[in-house]
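Reviewing the structure listed below.
The values are calculated or read from the model by the stated rules, or taken from the named source; none is laboratory data. This one's a predicted model, so the numbers in the text were calculated from it and none came from an experiment. As a convention, Cβ positions derive from the backbone with ideal geometry for all residues, glycine included, and neighbour counts pool all protein chains shown.
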Ligand code: PA5
C-alpha cells in the first residue's frame, strides 16, 4: 500500500534561499529535536503521566476493539431509526467531526438521499451562539425523526449547554414524553453538569440520555478518535480503517531519526523557520474541497496547543510528571495558523502569500488519486480533454513553484487517495507534529488557559454561581475604557 509522502524540499535554502533552512541548521537543531523526542517518548510510555498531562490520545489508535463494536451497533441503530442527527458541540467537540464528515462522506451528503444511502442527515449546532442558524434548523426538522448527540468533555461549555437546552425543549414539545430517548451525551464519565443530567435521566429510564464516556486524559482537540467515533458509526465510515491509518502513522512518528519521522521533521523545520527565518504564520492549504474542514481542525490544534504565554516548568506529583506555567518566563509563543484551500483561495489569500510579508510557511495537502474524475470535452481550447484532477495537481505544483520563485518556504503532504485509512493517518501525523512542536517550544501543548478569560467574563456577567472572588475583582477593576471621542 503506498504511503503518505512528505516533501520538505521547498523548506530548504537550495529552493528558497535565505528564507529556507540550511542543512547545517537542521544538523545543529537535531540535538534539540532529539531532546524533544526523548522527553515525549518518556512521557508517552508512562500511563500516569500520559493521563495527568492529557496525552492519552496517543493510545487511541490501539483502543479496545470491543468498544468500537458496541459504538458501531449504536450508530447503526440510530441510523436505521432517524432521518436527522443534530450534533451539538464546539471546539474539539466539533471540528474533528466536521472534518470527518467532509473528508470521508461523499460531497453533498445531506442534500441527496442517493448519496446518503438511507443514513441520516447530519447537522452541526452548538458551535456558536448565533440564534438564526439553530432556529432555522429546528423550524425545518421533524422532532420525531431527529436524534441528538451532544458532545462536551467538560459538560460545562456555554455554547453547547445553551443549544442543548433549546433543542431539548424542542424535542419535549414535539417528540412526546419519551423525548430523552432521542439524546445521547458524549461526556466525561464522572464530572460535569452534562454527566449529572444524563445520569439522572437514565436512572429513571435506562434508554433516556444514554451516554458514551470520553476517555480520561484525552483533551478536546485531540479527541476525534474518541468522541468522534459515534458520528463515524452513524454515517457508516469504517472506524477500523481510520484507526489503522492512525496506528501505522504512529509507528513512523515514533522513529527517533528526525529524517525518518515525518512529524518530528515537520515540527523541527517549522520551529527553525519560526525562530530563525521569521515565519510566524502557518498556512495550511489542501488542494481538495473535502479537506478544507480538516485544515480548519488543524487550526484549532496548532493555535490552542502552541499559542502560549508562559514557558512550562516540569514537576512531579504522586509519581506522575506534571507541567505548570513558569510565571517568571513570559514567551508569548506559537505560529499563527490560517486555513485556505486550493484552488479557491488562489484567487484570494494567495496574492498576499506571494507578495505580502515573507512571514509564512505554506503546507499543501494534495490527493494523488481522486475517487471520481471529470474530463473536459474535446475542443479547440488548451484545456481540451484534460481531467479536473490533472488541472488541480498542476495548479498545486504551480503554486509551490510560484512560492519558490519568491523565496517563500512551503511543503507538500501527498495522500495517495482520500479514504478512511489515509485520513486517520493524516490526523495522527498532525497530532504528533503538534506534540513535538510543543516540546520544541518548551510549553504545555495540552491546555488552553487563554480561552478561559472570555468564559469567566461571561460567567460573571451571567451570575454563574460559584465564580471566584478574584475573577469578579479582576473584571470589576479592569473595565474597558469608553472615551466618547473614539465613537464615530
Ligand atoms: O481542545 C479543547 O479542549 C477545547 O477546544 C474544547 O474542545 C472546547 O473548549 C469544548 O470543550 P468541551 O468539550 O468541554 O465542551
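What strands (runs of 3 or more DSSP E) completely inside region 299-378 contain at least 1 residues that are within 26 Å of residue 3 (Cβ to Cβ) and either in the same structural domain as residue 90 (by TED's automatic domain parsing) or at pLDDT 95 or above (or both)?
So the answer is 336-339, 360-369.
For region 264-286, state whether one or more residues are outside any helix (DSSP H, G or I), in contact with a strand residue (DSSP E or B) (Cβ under 7 Å, 6 or more places away or on another chain) and under 30 Å from residue 118 (Cβ atoms).
Yes - at least one qualifying residue is present in region 264-286.
Please go through (1) at pLDDT 95 or above; (2) away from the ligand (no atom under 15 Å from the Cβ); (3) within 15 Å of residue 148 (Cβ to Cβ) for residue 205 and return the number of the only condition it doesn't satisfy.
Status for residue 205: all satisfied but (3).
One residue is enough: does region 26-47 have a residue meeting the conditions within 16 Å of the ligand (Cβ to nearest atom) and either in the same structural domain as residue 145 (by TED's automatic domain parsing) or at pLDDT 95 or above (or both)?
The answer is no, given that none of the residues of region 26-47 is within 16 Å of the ligand (Cβ to nearest atom) and either in the same structural domain as residue 145 (by TED's automatic domain parsing) or at pLDDT 95 or above (or both).
Has region 282-297 got at least one residue that is under 23 Å from residue 23 (Cβ atoms), in contact (Cβ under 8 Å) with a residue 24 or more places away in the chain and more than 22 Å from the chain's Cα centre (by Cα)?
no
So in region 300-321, with the set limited to residues that are within 16 Å of the ligand (Cβ to nearest atom) and touching a residue at least 60 places away in the same chain (Cβ under 8 Å), which one is farthest from residue 431 (Cα to Cα)?
We begin by selecting, within region 300-321, every residue within 16 Å of the ligand (Cβ to nearest atom); these are 300-308.
Add one more test, that the residue is touching a residue at least 60 places away in the same chain (Cβ under 8 Å), and what stays is 300-302, 304-308.
Details: 300: 11, 301: 8, 302: 9, 304: 12, 305: 10, 306: 12, 307: 15, 308: 17 Å.
Residue satisfying both the conditions and the ranking: 308.
Report, by residue number, each residue of region 215-248 that is part of a loop (DSSP other than H, G, I, E, B) and within 16 Å of the ligand (Cβ to nearest atom).
Correct list: 215, 216, 217, 219, 223, 228.
Taking the condition closer than 29 Å to residue 30 by Cα, outside the structural domain of residue 146 (by TED's automatic domain parsing), over 19 Å from the mean Cα position of the chain (by Cα) and surrounded by fewer than 19 Cβ atoms within 10 Å (Cβ to Cβ), does residue 277 pass?
So residue 277 does not fit the description; no.
For the list (1) in contact with a helix residue (DSSP H, G or I) (Cβ under 6 Å, 6 or more places away or on another chain); (2) within 30 Å of residue 238 (Cα to Cα), I need the number of the one condition that residue 406 fails.
(2)
At least 1 residues that are surrounded by fewer than 17 Cβ atoms within 10 Å (Cβ to Cβ) in each: list the helices (runs of 4 or more DSSP H) lying fully within region 81-162 that qualify.
So the answer is 113-116, 131-140.
Taking the stated definitions as given, is residue 169 touching a strand residue (DSSP E or B) at 6+ places or on another chain (Cβ under 6 Å), at pLDDT 95 or above and either in the same structural domain as residue 217 (by TED's automatic domain parsing) or more than 16 Å from the ligand (Cβ to nearest atom) (or both)?
Working: touching a strand residue (DSSP E or B) at 6+ places or on another chain (Cβ under 6 Å): no; at pLDDT 95 or above: yes; either in the same structural domain as residue 217 (by TED's automatic domain parsing) or more than 16 Å from the ligand (Cβ to nearest atom) (or both): yes.
When the stated conditions are applied, residue 169 does not pass them.
Just one of (1) over 20 Å from residue 75 (Cα atoms); (2) within 16 Å of the ligand (Cβ to nearest atom); (3) part of a helix (DSSP H, G or I) trips up residue 251, so point out which.
Result: residue 251 fails condition (2) only.
Looking at residue 86, is it more than 17 Å from the chain's Cα centre (by Cα), under 19 Å from residue 174 (Cβ atoms), within 16 Å of the ligand (Cβ to nearest atom) and assigned by TED's automatic domain parsing to the domain that holds residue 195? Let's see the steps before the verdict.
Values: more than 17 Å from the chain's Cα centre (by Cα): yes; under 19 Å from residue 174 (Cβ atoms): yes; within 16 Å of the ligand (Cβ to nearest atom): yes; assigned by TED's automatic domain parsing to the domain that holds residue 195: yes.
Answer is yes for this residue.
Return the residue satisfying two criteria in turn: it lies in region 297-339 and is in contact with a helix residue (DSSP H, G or I) (Cβ under 9 Å, 6 or more places away or on another chain) and at positive phi, and of such residues it is surrounded by the most Cβ atoms within 10 Å (Cβ to Cβ).
Within region 297-339, the match that is surrounded by the most Cβ atoms within 10 Å (Cβ to Cβ) is 334.
Would region 186-194 turn up any residue that is without any contact (Cβ under 8 Å) to a residue 40 or more places away in the chain, touching a strand residue (DSSP E or B) at 6+ places or on another chain (Cβ under 7 Å) and within 11 Å of the ligand (Cβ to nearest atom)?
yes
Give the number of residues within region 51-83 that are more than 16 Å from the ligand (Cβ to nearest atom) and closer than 28 Å to residue 295 by Cα.
Filtering region 51-83 for residues more than 16 Å from the ligand (Cβ to nearest atom) gives 59, 61-83.
The next check asks that each one be closer than 28 Å to residue 295 by Cα; those that pass are 59, 61-63, 68, 71-72, 75, 79.
The total comes to 9.
Please determine whether any residue of region 25-40 is over 30 Å from residue 319 (Cβ atoms) and free of Cβ contacts under 8 Å to residues at least 12 places away in the same chain.
Yes: one or more hits.
Identify the single condition in (1) within 16 Å of the ligand (Cβ to nearest atom); (2) not in a loop (DSSP other than H, G, I, E, B) that residue 464 does not satisfy, given that it satisfies every other one.
All conditions are met except number (2).
Check whether at least one residue in region 340-356 is within 24 Å of the chain's Cα centre (by Cα), buried (at least 18 other Cβ atoms within 10 Å of the Cβ) and within 16 Å of the ligand (Cβ to nearest atom), and report yes or no.
Taking every residue of region 340-356 in turn, none turns out to be within 24 Å of the chain's Cα centre (by Cα), buried (at least 18 other Cβ atoms within 10 Å of the Cβ) and within 16 Å of the ligand (Cβ to nearest atom).
Would you check which residues across region 229-248 are within 27 Å of residue 412 (Cα to Cα) and under 17 Å from the mean Cα position of the chain (by Cα) and list them?
Listed by number, the residues that qualify are 242, 243, 245, 246.
Is there any pair linking a residue in region 140-157 that is in the same structural domain as residue 124 (by TED's automatic domain parsing) and more than 19 Å from residue 210 (Cβ to Cβ) to one that is in a strand (DSSP E or B) and more than 16 Å from the ligand (Cβ to nearest atom), with Cβ under 6 Å and at least six apart or on different chains, and which?
Within 6 Å, the pairs are 141/84.
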